[in-house]
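Participant: The structure's right below; bear with me while I get my questions together.
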Ligand code: UDP
């Protein structure tokens, strides 16, 4: 039996770093299958429509290539290709446990994935498939955070769930290095930008703000994290609060 979720259609942003797990690079199959099981559980319990945007930083970051003298656009295209590798890893992990998926890529690659077609993505979601968006926006100079905001707006998702590695929300300092770092329960996008918290880039933040799309930052390895958020439980850090944003329900402590 499915319970009515707080959010009906969501985009989960899985960063490359989250997929790398403890090793810090490449793909940790244990993390991929953990994330896949979390998604399966959330889908089964709530019947929510789930789309995923994957990052690529565990394999390649355009900015790092440019810093070492590469042409920035070329380095960014390499980053987008890295996200396709991650998308296929996640697809594999999901399909192994029986979750139907489709990968849609912003850079055409017909032998491995469908091209990104908005209406088709929505149709897949309505049919209960998990759609994985690969290759970012298809354009250099953007990030996969911006991709998450863009795709979420396009498919009319109600929230973006940002799965992070090793942190369970947004802090005023790195909690892995500073034990006194304080966690924010909630922030507006403007506060996040003014405080320079580095949660997401300004392009992504402004897209979210303009489209009244809240973001919930949570730990990718939190057991049942996605399900808790879909139930309306307050976990992680909620970013938003601008008019028209759907907030998590408050749950008594
Ligand atoms: N990228 C890009 N355009 C996009 C999305 C991504 O050029 O629309 C490139 C960019 O070089 C970026 C890399 O792909 O560094 C990997 O994405 P990102 O750094 O956002 O991954 P994450 O930090 O989430 O792992």
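Participant: Please enumerate the residues belonging to the stretch 42-78 that are within 30 Å of residue 123 (Cβ to Cβ), within 16 Å of the chain's Cα centre (by Cα) and within 12 Å of the ligand (Cβ to nearest atom).
Facilitator: Selection gives 52, 53, 54, 55, 56.
Participant: Kindly state which strands (runs of 3 or more DSSP E) lie completely within the stretch 144-253 and contain at least 2 residues that are within 24 Å of residue 37 (Cβ to Cβ).
Facilitator: 159-164, 215-219
Participant: Going through 66, 42, 51, 75 one at a time, which residue ends up being within 29 Å of residue 6 (Cβ to Cβ) and in contact with a helix residue (DSSP H, G or I) (Cβ under 6 Å, 6 or more places away or on another chain)?
Facilitator: None of the others qualify; the one that does is 42.
Participant: Any residue in the stretch 131-152 that is closer than 21 Å to residue 112 by Cβ sitting within a Cβ distance under 7 Å of a residue that is more than 6 Å from the ligand (Cβ to nearest atom) and assigned to a loop (DSSP other than H, G, I, E, B)? List the pairs, counting only those 6 or more apart or interchain.
Facilitator: 133/116; 134/113; 135/106; 135/107; 136/106; 137/106; 138/106; 138/107
Participant: Do we have residue 90 as closer than 29 Å to residue 225 by Cβ and near the ligand (Cβ under 10 Å from one of its atoms) here?
Facilitator: No.
A quick yes/no check of all residues on (1) within 15 Å of the ligand (Cβ to nearest atom); (2) modelled with pLDDT under 95:
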{"residue": "7", "(1), (2)": "no, yes"}
{"residue": "38", "(1), (2)": "no, no"}
{"residue": "85", "(1), (2)": "yes, no"}
{"residue": "106", "(1), (2)": "yes, no"}
{"residue": "111", "(1), (2)": "no, no"}
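Participant: Would you pick out the residues in the stretch 93-108 that are in contact with a strand residue (DSSP E or B) (Cβ under 9 Å, 6 or more places away or on another chain) and either in a strand (DSSP E or B) or surrounded by fewer than 18 Cβ atoms within 10 Å (Cβ to Cβ) (or both)?
Facilitator: Within the stretch 93-108, 95, 100, 101, 102, 103, 104, 105, 108 meet the criteria.
Participant: Going by the structure shown, is residue 30 surrounded by 22 or more Cβ atoms within 10 Å (Cβ to Cβ), over 14 Å from the mean Cα position of the chain (by Cα) and either in contact (Cβ under 8 Å) with a residue 40 or more places away in the chain or away from the ligand (no atom under 11 Å from the Cβ) (or both)?
Facilitator: no
The values are calculated or read from the model by the stated rules, or taken from the named source; none is laboratory data. Because the structure is predicted, anything quoted here is derived from the model rather than measured. Cβ sites come from the backbone with ideal geometry, for glycine too, and all protein chains shown count toward neighbours.
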